[in-house]
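Every number here is computed from the coordinates shown, using simple stated rules; none is lab data. The model shown is predicted, which means the values in this text are computed figures rather than measured ones. Using ideal geometry, Cβ is built from the backbone for each residue, glycine included, and neighbour counts are taken over all protein chains shown.
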Amino acid sequence: MDKKGGGNVYELEHTELSEKVYQLLKKMILNREFIGGQRLDLNDLSQKMNISRTPLKDAVNRLVQEGLMEVKPRSGTFVTNLKISDIEEVSEMRLMIEQWCVSHLTELRAQELVAALEDILEKFNRTLSVKPFPFESFLELDVRFHNEIVQAVDNQRMLEQYRSINSFLHAARIYFFQSYERSLSGHDEHMAFVQALKRYDLLEACGKLEEHIMNSKISMIARLQENGGAL
């Protein structure tokens, strides 16, 4: 984390102050610089960032809405502790949204989506050949792959909701995608989904999507169990 002003002010990158604070805190949570269950001292944060409490509270409110933070009465503000039940529930929501999007694709829109996904698959292939494995780059491609599916139906509200629940899972996925083996299996599942979509077999494509998301859920839960059941 870059700092300035004698090492006690976090460097901010965006233009609007509340947006800067939001992006910085979100990045720190997703990169596990703040860990699940950690209590955040807002007075201390406002001093380190050299800002007033107002933009900080605005940022915290947005993160609470996304499920990345929680405010406990008379206790304070905490980073959300990601639990196995969270993985199960959010995976079911992801599956519901993505399958709905696939089932509503016209043949023309499906082929346009295939073209976009095949471009991402090529980037997946290149990433998988790099050593040491750049899991963060792979994760970014995975997010793009699944966002493309939801974007294909041109429903902005659904896309916003989808991105919100994906943010909630992001910290777990950073931890999870460090496994090269699971990343490789996930890539194979992506290819199987694209092949079904290419044939405009939407039923099979939905089945491949379910297989992929459920396998990811099982793997993430296994990693959480290794970590004591929470992250």
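Miscellaneous remarks
- Estimated vicinal HN-Hα couplings, Hz - the range 107-113 in sequence order (Karplus 6.51, -1.76, 1.60; Gly, Pro = x): 4, 5, 5, 5, 5, 5, 5
- For the range 177-229, the alpha carbon positions stretch 42, 19, 8 Å along the principal axes, listed from largest to smallest.
- Placing a pseudo-label 7 Å from each Cα along the Cα-to-Cβ vector at ASP44 and GLU204 gives an inter-label distance of 5.6 nm.
- Efficiency of FRET from Cβ geometry, GLU112 and VAL71, R₀ 45 Å, rounded to 0.05: 0.60
- For the pair TYR180 and PHE78 in one chain, pulling the backbone fully straight at 0.36 nm per residue adds 33.6 nm over the alpha carbon distance.
- Calculated translational diffusion coefficient of the range 84-226 (10 °C, 1.306 mPa s; Stokes-Einstein with Kirkwood radius over alpha-carbon pairs) equals 104 µm²/s.
- Approximate spin-label separation ARG53-ASN31, in nm, with each point projected 7 Å along Cα-to-Cβ: 2.8 nm
- Under a Gaussian network description of the chain, with springs only between Cα atoms under 10 Å, the residue in ARG32, ARG182, ARG126 that fluctuates furthest is ARG126.
- Each residue, ASP154 and MET191, gets one label point 7 Å from its Cα in the Cβ direction; the gap between the two is 3.3 nm.
- When the C-alpha to C-alpha distance is required to be over 22 Å, the pairs from LYS26/LYS72; LYS83/LYS123; LYS57/LYS83; LYS27/LYS131 that qualify are LYS83/LYS123; LYS57/LYS83; LYS27/LYS131.
- For LEU40, the amide hydrogen comes within under 5 Å of the amide hydrogens of THR77, PHE78, VAL79, counting only partners 5 or more places away or on other chains and with H modelled in the peptide plane.
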